[in-house]
Amino acid sequence: MGMLRVVAAAALVAWSALAVNIVPGDARRGEQLFKSEQCVLCHSFKGVGGTAAPDLSSHIDRDYTPAVMASLMWNHAPDMWAGMTKRGIVKAELSPESASDLFAYFVSARFFERPGDAARGKSAFTAKHCSMCHGVATSNAEARLP
């Protein structure tokens, strides 16, 4: 039992050390960086900005965590930098704080949207005649086939 306590204490210390290095982001500063670092020339956010690269607000969902965002940006970076060089855009040197601010801005994309409402969804489902092909638990399309 003593060894388990030592392992648990070591894990707690390691986690606490990691937590100290977390840099909180500020979405307002991230929005300013998105513009000042010229990301907006190629990318858009909520439809505002360039069209040469994806709208960075369109991919936000429950599974779009900061870790996923970081890995996508890391994997995309060489192509993005090559495109920036072609367009004469100087690559930004982002500090951990700036990166956190940008992530906060991207995550904020859907934070303030009106949450889903089951009653409103049911009304839309009925009004748009979705039930002609779609069931709630199964597809009704098969029943309509000859």
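Kindly establish whether residue 55 is in contact with an Asp or Glu (Cβ under 8 Å, 6 or more places away or on another chain) and either open to solvent by 90 Å² or more (accessible area, probe 1.4 Å) or at pLDDT 85 or above (or both).
No.
Check region 58-68 and report whether any residue there is in a loop (DSSP other than H, G, I, E, B) and modelled with pLDDT of 85 or more. Within region 58-68, not a single residue is in a loop (DSSP other than H, G, I, E, B) and modelled with pLDDT of 85 or more. Test residue 98 against the stated conditions and say whether it is of a type in the set (S, T, N, Q), modelled with pLDDT of 85 or more and open to solvent by less than 70 Å² (accessible area, probe 1.4 Å). Spelling it out, residue 98 is indeed of a type in the set (S, T, N, Q), modelled with pLDDT of 85 or more and open to solvent by less than 70 Å² (accessible area, probe 1.4 Å).
For region 7-21, does any single residue satisfy the condition of being open to solvent by 60 Å² or more (accessible area, probe 1.4 Å), under 21 Å from residue 95 (Cβ atoms) and at pLDDT 75 or above? No. Counting only residues that are modelled with pLDDT of 90 or more and aromatic (Phe, Trp, Tyr), region 35-52 holds 0 of them.
The values are calculated or read from the model by the stated rules, or taken from the named source; none is laboratory data. Quick caveat: nothing in here was measured; it's all calculated off a predicted structure. Cβ sites come from the backbone with ideal geometry, for glycine too, and all protein chains shown count toward neighbours. All accessible areas refer to the heavy atoms of the entire protein, side chains included, with ligands and DNA or RNA removed. Shrake-Rupley method; radii C 1.70, N 1.55, O 1.52, S 1.80 Å.
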